[in-house]
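The values are calculated or read from the model by the stated rules, or taken from the named source; none is laboratory data. The shown structure was predicted, so the numbers you read here are calculated from the model rather than taken from an experiment. Neighbour counts are summed over all protein chains in view; Cβ atoms, including those assigned to glycine, are modelled from backbone coordinates with ideal geometry. Ligands, DNA and RNA are stripped out before the accessible areas are found, and what is left, the full protein with its side chains, is counted by its heavy atoms. Shrake-Rupley method; radii C 1.70, N 1.55, O 1.52, S 1.80 Å.
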Amino acid sequence: PGLKSASMSWQGYVDQQLVASGHVSKGAIIGLDGSQWAISPGFNLDPSEAAAIAAAARNPSSVLGGGVNIMGVKYMVLRADDTAIYVRKGSDGACIVKTNQCVLIGLYGENIQAGNCNTVVEKLGDYLRENNY
């Protein structure tokens, strides 16, 4: 399905654009301050983790050579730049994308290709930036 209008709720973006794609196992949208805007059921993102992810998205070089914690698991940073942060641990990983006003987080598991997850999350990020979000 194509991207819906900007009037869709933040939870709608998580449910319909990220998770419903089949390429994202769990998703979240957080503010640039780490506040939770929308999240998938079962995605237990600790507030301190959300704040750290938002800080990493604002300053990607800060996590190079380090890690990002998501749901109590430390993921190794594979790439971090102004477009996206890719993290991985074993067959699991995530794509983190900063827009003008928020940060998208898409998780994937062993039955999902990392590249497909990255494409879905980055495409939504592009759409939100184009619409001044």
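Annotations for the structure displayed:
- Of the strands (runs of 3 or more DSSP E) lying entirely inside the range 51-133, those containing at least 3 residues that are open to solvent by 10 Å² or more (accessible area, probe 1.4 Å) and within 22 Å of Gly22 (Cα to Cα) span 85-89.
- Put simply, of Leu3, Leu45, Leu18, Leu32 the only residue that is open to solvent by 10 Å² or more (accessible area, probe 1.4 Å), modelled with pLDDT of 95 or more and closer than 19 Å to Asp126 by Cβ is Leu32.
- Sole exception among (1) of a type in the set (A, V, I, L, M); (2) more than 20 Å from Tyr13 (Cβ to Cβ); (3) touching a helix residue (DSSP H, G or I) at 6+ places or on another chain (Cβ under 8 Å); (4) not in a helix (DSSP H, G or I) for Ala38, by number: (2)
- Taken over the range 15-35, the residue count meeting the criterion of being under 24 Å from Gly115 (Cβ atoms) and either touching an Asp or Glu at 6+ places or on another chain (Cβ under 6 Å) or in a loop (DSSP other than H, G, I, E, B) (or both) is 4.
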